[in-house]
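This is the structure I want to talk about, given as structure tokens.
None of the figures in this text is laboratory data; all of them are computed from the coordinates on show. Bear in mind that the values here come from a model prediction, so they are computed numbers and not experimental data. Here Cβ is always computed from backbone atoms with ideal geometry, including for glycine, and neighbour counts include all displayed protein chains.
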Amino acid sequence: MRGTICFLGGILLVFLKWPVIGMAVEVFGFVNLFGDFFPVVIGFLRKMPFIGTLLNTPGISHAIDKVMGSRLPV
């Protein structure tokens, strides 16, 4: 519920001519709405041919694992 309110509130702020604050609130709402889906997307991208090779390099892989944590649903 918090993500939906923040996302729609951010859109309202942009319409009320507060674009920077509105975009920040929208990003916060977007992350709250889809935050649990990001590890699934990263797992899918790691299996793709070129992008997976890039994401599985030692430095990038360690950074992504640290940011995402081990919150995979399965």
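What percent do you get for the relative contact order of the chain when only Cα pairs under 8 Å and 6+ apart count? List each step's numbers first, then the result.
Details: 58 pairs, mean separation 17.9, N = 74.
Across the chain, relative contact order equals 24 percent.
Each label point is 7 Å from the Cα along the Cα-to-Cβ direction; what then is the distance between the points at PHE30 and THR53, in nm?
3.0
Taking K and R as +1 and D and E as -1, what net charge do the other residues with C-beta under 14 Å from the C-beta of THR57 add up to? Kindly include the intermediate steps, with their values, before the conclusion.
Details: positive: ARG46; negative: ASP65.
Net of charged neighbours comes to 0.
Given bins 10 angstrom wide, list per bin the percent of all Cα-Cα distances in the chain, short to long.
Bin by bin from 0 Å, the calculated values are 20, 33, 26, 20, 2.
Sorted by average packing, counted as other Cβ atoms within 10 angstrom per residue and highest first, what order do 48-59, 6-17 take? Spell out each step's value before the answer.
Working: 48-59: 10.3, 6-17: 14.9.
My ranking of the peptides, most packed first, is 6-17, 48-59.
Here's a follow-up. Can you tell me how much longer the chain between MET23 and PHE38 gets when fully stretched, taken as 0.36 nm per residue apart minus their C-alpha distance, in nm with one decimal?
3.4 nm
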